[in-house]
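Have a look at the structure below, then the notes.
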Amino acid sequence: MPWALFRSNSGNAARLAAEDASPQQLCDALVAAIARHAGSRHRGAEDVHRRLALILSRLEQAAVAQTGIASYASEGSVGSTRAPEESNPVQELNPVQEADPVQEADLVADRQKEGSALIVALLAADVPALLVDRLEDLCFETRKGAMRLFSAVLKTALPLGEDAALVDYIRSHPRISQSLLDGSGRHEVFAHCAQMLRACTRYKELVSMLANQGAFGRLIDLACHDTFDISSEAFSSLRELLLAQKPVSAAHISANFDRFFSQYHTLLRPGVAYVARRQALRLLGDALLDRAFMEVMLTYVTNVQFLQIHMNLLRDTSRAVQVDAFHIFKIFVANPNKPYKVVAILCKNRERLLQLLHAFGHGASGGKRSDGSSKHFQEDLTAIMDSLRVLELPARLPRAATMGRPFAHSADHGSPAAGSVSEIEEAALKMVEAA
């Protein structure tokens, strides 16, 4: 059988009985095995591992049959891939007859049907919630199996047409997402929980649910964790949550703009670890320069406090931090419809900014960093310095004239607010595309 590689060494009769079992029987047996194993880190571990592997293999076969992707297992954490077979001279002289298309189609349909039934059975038996609840009670190897099965269910539900049932299940079990967020900060299971959490970002409904549960704030806090491994995994989860379903994340941030950035900017404070600050700057730049986050960017570049944050980061002792901060700072300068207060800050600090950027360009062009010495970087630097030199402080508009608009318009800008989006796209996004 195709899942023979996952058989245990506990006896032929037991193996055959497990392979011939129905999806419901497999799930019931797994639940019982986990219950026996959870009380002891070592007792019954092999039995749980074998049952996890058997279910994993069946899900893998069903997903491969549905998608037709032979490399399915190598793309994710569903299971191990089979080593390539060596060529056989006898087979080359006597090639095997091609399979009957009708029989092959029937086999594919059977595997798809079994995969769908297996996911339904797993959800009915409450296995995903059980794996999360008992994760810390399992031994290390069994935890990895539980993590793989949880991720496999999320990965295979969509191609097998069970995505709606899966989303409804996780929505009706909010403790799953909460436990994964909490577990992302515990030393024993942070890596497993982080990967399981990232698997949830395949679905826009789950990303929306996580965002509404405060996942952004929780992951931002964990990204500042004293333990590097926990911080790194949390930031990887934060990136996936932010960019995996961009329209959903962008809508949530727009609706909770002040709260989100008051939390996110804590990652840019001087006391935060260097790696976390660099990752935070790079992720912020990736998001602001993405068209899906256009509304967020339009609001972001009107904020004077945000401008001051990145002006201070331009003075950082790390050249890499300076480069990443510059890629965000130049969006403020490139905005053709700057608010009065932003123009005032830039004009007031013009000379110091020009000196800093001039020295910055000299250091970057002579440094070893490829991003600082690139042609695009030097072109952007020159364009921003030229824009700063010709920048003039306009006559301040009455307060009522600017209320409710994303940008304040001076007398020289007669275009409507909607037109500013197109101008920003050309002046900012296109200019920093390579960054």
(message) Could you report the accessible area of residue 150 in Å², rounded to 10, computed with a 1.4 Å probe on the protein chains as they sit in the structure?
(response) 10 Å²
(message) Once you order the gyration tensor axes a ≥ b ≥ c over the Cα atoms, which shape class does region 139-239 get: rounded for a/c under 1.5, otherwise prolate or oblate by comparing a/b with b/c?
(response) oblate
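Compare 246, 341, 348 by solvent-accessible area with a 1.4 Å probe and give them largest first, with all protein chains kept in place. It would help to have the intermediate numbers written out before the result.
Working: 246 65, 341 120, 348 160 Å².
Order by accessible area, largest first: 348, 341, 246.
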(request) Show 340, 300 ordered by accessible area, largest first, where the area counts protein heavy atoms only and the probe is 1.4 Å. (result) 340, 300
(request) Search the structure for amide H atoms under 5 Å from the amide H of residue 224, placed 1.01 Å from N in the peptide plane, and list their residues when 5 or more places away or on another chain. (result) none
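Please report the carbon-and-sulfur percent of the accessible area for region 122-210; probe 1.4 Å, protein heavy atoms only, DNA, RNA and ligands left out.
Working: 1490 of 3070 Å².
The nonpolar share, carbon plus sulfur, comes to 49 percent.
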(request) Pop out the ³J(HN,Hα) list for region 263-271 in order, Karplus 6.51 cos²θ - 1.76 cosθ + 1.60 with θ = phi - 60°, rounded to Hz; leave Gly and Pro as x. (result) 7, 5, 5, 5, 6, 9, 5, x, x
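Filter the GluC sites (Glu not before Pro) in region 171-256 to those in DSSP coil with at most 15 other Cβ atoms within 10 Å of their Cβ, and list the result.
Working: sites: 188, 205, 233, 240; in loops: 188.
Answer in residue order: 188.
From the Cα gyration tensor of region 290-348, with a ≥ b ≥ c the square roots of its eigenvalues, which class applies: rounded if a/c is under 1.5, or else prolate if a/b is larger than b/c, or else oblate? Please report the intermediate quantities before stating the final value.
Values: a/c = 2.29, a/b = 1.23, b/c = 1.87.
It comes out oblate by the Cα gyration axes.
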(request) Just read off the accessible area of residue 170 with the full protein assembly in place, 1.4 Å probe, to the nearest 10 Å². (result) 10 Å²
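Less than 13 Å Cβ to Cβ from residue 175, Lys/Arg counted +1 and Asp/Glu -1: what total charge do the surrounding residues give?
Working: positive: 134, 171; negative: 126, 133, 182.
With Lys, Arg at +1 and Asp, Glu at -1, the net is -1.
Just in region 105-207: which trypsin sites (Lys or Arg not before Pro) are loop by DSSP and have at most 14 other Cβ atoms within 10 Å?
The qualifying sites are 186.
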(request) Order 252, 49, most accessible first, counting only protein heavy atoms with a 1.4 angstrom probe. (result) 49, 252
(message) As a quick test, which of the pairs 341/375; 338/375; 113/144; 155/204 have an alpha carbon distance above 22 angstrom in this structure?
(response) 341/375; 338/375; 113/144
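The values are calculated or read from the model by the stated rules, or taken from the named source; none is laboratory data. Worth saying up front: this structure is predicted, and the values here are computed from it rather than measured. FYI the Cβ positions are ideal-geometry reconstructions off the backbone, even for glycines, and counts take in every protein chain you see. Heavy atoms of the whole protein, side chains included, go into the accessibility calculation; ligands, DNA and RNA do not. Shrake-Rupley method; radii C 1.70, N 1.55, O 1.52, S 1.80 Å.
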